[in-house]
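Novice: Let me begin by handing over the structure; questions about it come next.
The values are calculated or read from the model by the stated rules, or taken from the named source; none is laboratory data. All figures in this text were calculated on a predicted structure; none of them were measured in a lab. Counting neighbours? That spans all protein chains shown, and the Cβs are built from the backbone with ideal geometry, glycine included. Note: areas computed on protein heavy atoms with side chains; ligands, DNA, RNA excluded. Shrake-Rupley method; radii C 1.70, N 1.55, O 1.52, S 1.80 Å.
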Amino acid sequence: QLRLVESGGGLVQPGGSLRLSCAASGFTLDYYAIGWFRQAPGKEREGVSCISSSGGLTNYANSVKGRFTISRDNAENTVYLQMNSLKPEDTAVYYCAAGTDYACSGYVSRDDGMDYWGKGTLVTVSS
């Protein structure tokens, strides 16, 4: 059974850091592009970052560029999103998704290029 499970969300103060994990079960992530998305209350889901299957290409939304870093560890079958200098505007449910490299071919990450989705993890940035 193919599953993606996000973890690492929680409550953090502005300026703090969190590391989100996206772990695959039932399949290997080696041949998949992985995207991170987020959805804040009352807003549409938006792409945050994307990493190609090879790891050679990474995309970031302008709002997180320079603060967030996406990486992958194929040995652990896991993709990470390191989030630094967090702002209240980063508060959202964060989702990871796996798909073809087409998913990373546009601005940030394409929803229509994703085949598998996790259930999300909540990140709250507040003092």
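Novice: Need the failing condition index for residue 84 against (1) touching a Phe, Trp or Tyr at 6+ places or on another chain (Cβ under 9 Å); (2) crowded, with 16+ Cβ neighbours inside 10 Å, just the number.
Specialist: Exception for residue 84: condition (2).
Novice: Across region 78-117, what is the number of residues that are more than 10 Å from the chain's Cα centre (by Cα) and assigned to a loop (DSSP other than H, G, I, E, B)?
Specialist: Within region 78-117, residues that are more than 10 Å from the chain's Cα centre (by Cα) and assigned to a loop (DSSP other than H, G, I, E, B) number 11.
Novice: How many residues does region 94-127 hold that are surrounded by fewer than 19 Cβ atoms within 10 Å (Cβ to Cβ) and out of contact with any Phe, Trp or Tyr (no Cβ under 9 Å at 6 or more places or on another chain)?
Specialist: Result for region 94-127: 7.
Novice: Taking the stated definitions as given, is residue 64 open to solvent by less than 50 Å² (accessible area, probe 1.4 Å), in a strand (DSSP E or B) and not aromatic (Phe, Trp, Tyr)?
Specialist: Judged against the criteria, residue 64 is not a match.
Novice: Here's another thing I want to ask about it. How about region 16-47: which of its residues are part of a loop (DSSP other than H, G, I, E, B), farther than 22 Å from residue 110 by Cβ and in contact with a strand residue (DSSP E or B) (Cβ under 9 Å, 6 or more places away or on another chain)?
Specialist: Of everything in region 16-47, those that are part of a loop (DSSP other than H, G, I, E, B), farther than 22 Å from residue 110 by Cβ and in contact with a strand residue (DSSP E or B) (Cβ under 9 Å, 6 or more places away or on another chain) turn out to be 16, 17, 26, 41.
Novice: Output the qualifying pairs, or none if there are none: Cβ atoms under 9 angstrom, residues six or more apart or on different chains, first residue in region 32-55 and within 13 Å of residue 120 (Cα to Cα), second residue among the aromatic types (Phe, Trp, Tyr) and surrounded by fewer than 19 Cβ atoms within 10 Å (Cβ to Cβ).
Specialist: From residues that are within 13 Å of residue 120 (Cα to Cα), the pairs are 37/117.
Novice: In region 4-27, is there at least one residue being without any contact (Cβ under 8 Å) to a residue 24 or more places away in the chain and either within 12 Å of the chain's Cα centre (by Cα) or open to solvent by 30 Å² or more (accessible area, probe 1.4 Å) (or both)?
Specialist: For region 4-27, residues without any contact (Cβ under 8 Å) to a residue 24 or more places away in the chain and either within 12 Å of the chain's Cα centre (by Cα) or open to solvent by 30 Å² or more (accessible area, probe 1.4 Å) (or both): absent.
Novice: OK, next. What is the number of the single condition among (1) crowded, with 18+ Cβ neighbours inside 10 Å; (2) in a loop (DSSP other than H, G, I, E, B); (3) of a type in the set (A, V, I, L, M) that residue 75 does not meet?
Specialist: (1)
Novice: Condition check: under 19 Å from residue 18 (Cβ atoms) and within 11 Å of the chain's Cα centre (by Cα). Does residue 63 satisfy that?
Specialist: Considered against the rule, which asks whether it is under 19 Å from residue 18 (Cβ atoms) and within 11 Å of the chain's Cα centre (by Cα), residue 63 comes out as no.
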